[in-house]
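J.: The structure's right below; bear with me while I get my questions together.
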Amino acid sequence: MANNKLAIIGGSGLYDVEEFKDRELIDLNTPWGKPSDKILKTKYNNKEVYFLPRHGRGHFISPSNINFRANIASLKKLGVTDVVSVSAVGSLKEDLPPGKFVIIDQFIDRTFERNKTFFDDEIVAHVSMAHPTSKGLMNACEDAIKKEGIDYQKGGTYVVMEGPQFSTLAESNLYRSWKADVIGMTNMPEAKLAREAEIRYASVSMVTDYDCWHPDHENVDVQQVIKVLIDNASKAKSMIKNLIDNFESHIDPDDPTNNCLDVAIITTPEKRTQKTIEKLKIIAGRILNK
């Protein structure tokens with residue numbers, strides 16, 4: 001089997017996995033700048049794994065200011081092949097109460113202030129996002145969650161809003177009319193960039209609140225969310241340990257992510273300067289250096 005490496009991107013409430021005792025903090029730079037924080041390299045049951053806190057340790061980066069490109073490029077630079085995002089979200093459905101986990105399989109991207117591609121200068125690429133998450137990695141997440149007895153739903157649509165403010169009631173009801181399941185602020189453009197980098201991606205959303213649509217939960221406030229976050233983070237850490245053990249057994253050798261750049265780059269070779277090829281070598285060196 002190929003040398004598969006797993007990384008966890010931790011969202012609100014999940015800034016570290018303290019139980020990992022074999023620890024090295026790696027300070028990286030990329031052509032797109034520095035990632036949200038130093039990346040933890042650790043070993044668990046003799047398996048190498050990486051952990052990146054999306055908002056930085058101590059939560060000092062707003063969703064719109066996350067350097068998503070640097071985060072994904074840094075993980076690619078470290079040889080990461082699989083990323084599982086763990087994110088706090090609001091629920092848009094009655095049967096998704098606080099504390100429930102949702103394994104996401106679709107996104108609706110409503111963000112508008114973010115850099116969403118590595119291919120924005122000279123070399124143009126169009127990757128498919130029809131199925132934005134890896135089925136094999138989703139199955140690994142499901143097994144990891146079931147092992148802990150966590151209440152979960154497999155499959156769901158995540159509306160990604162710009163933030164940092166929570167939704168208006170009209171917005172919340174609009175997203176509910178779309179039959180979306182949860183709402184958050186961080187999985188886009190993360191999932192798009194992971195696909196461009198040919199990194200398999202899965203998203204586990206941890207419900208903290210009912211957004212503002214629910215008549216018994218009309219106002220979302222940070223203190224209320226934090227209480228649920230603490231409990232969710234504890235469950236997420238147990239899930240992560242299980243995931244490290246099982247993810248390789250679920251890898252699909254035919255996953256469309258694996259070689260998606262083969263049919264994505266449209267710019268003719270003579271228009272690609274060496275400067276841009278060099279900039280993109282972390283992300284697309286496999287295809288551009290052919």
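Here, each number is a calculation from the coordinates, and none is a lab measurement. All values reported here derive from a predicted model rather than from experimental measurement. Cβ placement follows ideal geometry from the backbone for every residue including glycine, while neighbour counts extend to all protein chains displayed.
J.: Filter the trypsin sites (Lys or Arg not before Pro) in the stretch 149-251 to those in DSSP coil with at most 10 other Cβ atoms within 10 Å of their Cβ, and list the result. Don't skip to the end; give the middle numbers.
T.: Values: sites: LYS154, ARG176, LYS179, LYS192, ARG195, ARG200, LYS227, LYS235, LYS237, LYS241; in loops: LYS179.
Passing both the DSSP loop test and the Cβ count: LYS179.
J.: Turning to a different aspect of this structure: Tell me the net charge near ASN46. Cut-off is 11 Å between Cβ atoms, ASN46 excluded, with +1 for each Lys or Arg and -1 for each Asp or Glu.
T.: The answer is -1.
J.: By how many nm would the segment from THR268 to PHE60 lengthen if fully extended, with 0.36 nm per residue of separation less the alpha-carbon distance?
T.: 70.7 nm
J.: How much length would be gained if the chain were fully extended between LYS47 and ASN4, taking 0.36 nm per residue of separation minus their Cα-Cα distance, in nm to one decimal?
T.: On the way: separation 43, 0.36 × 43 = 15.48 nm, distance 0.99 nm.
The LYS47-ASN4 span can extend by a further 14.5 nm.
J.: Of LYS76/LYS192; LYS47/LYS227; LYS38/LYS154; LYS38/LYS275, which ones are farther than 25 Å apart at the Cα? Walk me through the numbers before you get to the answer.
T.: Values: LYS76/LYS192 14 Å; LYS47/LYS227 32 Å; LYS38/LYS154 31 Å; LYS38/LYS275 27 Å.
Result: LYS47/LYS227; LYS38/LYS154; LYS38/LYS275 exceed 25 Å.
J.: Count charges around LEU193 for me, please; just the other residues with Cβ under 14 Å from its Cβ, Lys/Arg as +1, Asp/Glu as -1.
T.: On the way: positive: ARG54, ARG69, LYS76, LYS77, ARG114, LYS116, LYS192, ARG195, ARG200; negative: ASP109, ASP120, GLU190, GLU196, GLU198.
Here the charged neighbours net out to +4.
J.: I want the local charge near ASN4. Using Cβ-Cβ distances under 12 Å, sum +1 for each Lys or Arg and -1 for each Asp or Glu among the other residues. Show your work: numbers first, answer last.
T.: Working: positive: LYS5, LYS47, ARG200; negative: GLU48, ASP82, GLU248, ASP252, ASP255.
The answer is -2.
J.: Shape call for the stretch 124-174 from the C-alpha gyration tensor, a ≥ b ≥ c root eigenvalues: rounded (a/c under 1.5), prolate (a/b greater than b/c) or oblate? Before the final figure, lay out the partial values.
T.: Details: a/c = 2.87, a/b = 1.24, b/c = 2.31.
Since a/c reaches 1.5 but b/c is at least a/b, the shape of the stretch 124-174 is classed as oblate.
J.: Relative contact order for the stretch 15-127 using alpha-carbon pairs under 8 Å, separation at least 6, rounded to a whole percent?
T.: On the way: 110 pairs, mean separation 23.9, N = 113.
Computed over the stretch 15-127, the figure is 21 percent.
J.: Which helices count as membrane-span-like in the chain under these terms: full DSSP H, at least 30 Å along the axis by C-alpha, Kyte-Doolittle mean of 0.0 or more?
T.: Membrane-span-like by this rule: 222-246.
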